[in-house]
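**Q** Take this structure, written in structure tokens, and hold onto it; I'll ask about it next.
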Amino acid sequence: MEGIKKGSIIEVIDKSTKEIHQRIDMHRYLMATILDKKVSEKTLNHILLPNSHRELRLKETIKETIEVLEETRKAFKSKRLETLRKKLTHVLIESE
């Protein structure tokens, strides 16, 4: 594992573990709610299915924002907007 820092690996493991715990908590909540019959089919579908749809919409919106920032880059010449554009680009790359 030359070139890879232990800290980076631990950060990835911590992030993955946190995501797993969040999904387990959501699953526990869903099961308890279903057993209590407090959730409609529409709500259940909204909770279980939208992740990919929601993520797709977020990615599309981030891409659009980056494009607008890129197009207006010369007109505004703002370091803050440049930093924001780069940050959004980095987040979008990390998500894929």
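The values are calculated or read from the model by the stated rules, or taken from the named source; none is laboratory data. Keep in mind that what you see is a predicted model, and the values were worked out from it rather than measured. Backbone-built Cβ (ideal geometry, glycine too); neighbour counts: all protein chains shown.
**Q** Could you identify the single residue in L88, L84, L69 that is touching a Lys or Arg at 6+ places or on another chain (Cβ under 6 Å), modelled with pLDDT of 85 or more and part of a helix (DSSP H, G or I)?
**A** Numbers: L88 fails: touching a Lys or Arg at 6+ places or on another chain (Cβ under 6 Å); L84 fails: touching a Lys or Arg at 6+ places or on another chain (Cβ under 6 Å).
Every option except L69 fails the conditions.
**Q** Listed residues E41, E2, E19; which is at negative phi and modelled with pLDDT of 85 or more?
**A** After ruling out the rest, the residue left standing is E19.
**Q** What pairs come out if I take residues in segment 11-40 that are of a type in the set (S, T, N, Q) and pair them with residues that are assigned to a loop (DSSP other than H, G, I, E, B) and surrounded by 10 or more Cβ atoms within 10 Å (Cβ to Cβ) whose C-beta lies under 6 Å away, six or more apart or interchain?
**A** T33/V39
**Q** Shifting gears a bit: Using beta carbons and a limit of 9 Å, which pairs, at least six apart or on different chains, have the first residue in segment 58-75 and more than 17 Å from H90 (Cβ to Cβ) and in the same structural domain as T89 (by TED's automatic domain parsing) and the second one assigned to a helix (DSSP H, G or I) and aliphatic (A, V, I, L, M)?
**A** Short answer, once both residue conditions are applied: T72/L81.
**Q** Ok, one more. Just name the residue that is farthest from T65 (Cα to Cα) out of those in segment 83-95 that are without any contact (Cβ under 8 Å) to a residue 12 or more places away in the chain and either within 11 Å of the chain's Cα centre (by Cα) or surrounded by 10 or more Cβ atoms within 10 Å (Cβ to Cβ) (or both).
**A** So the residue we want is E94.
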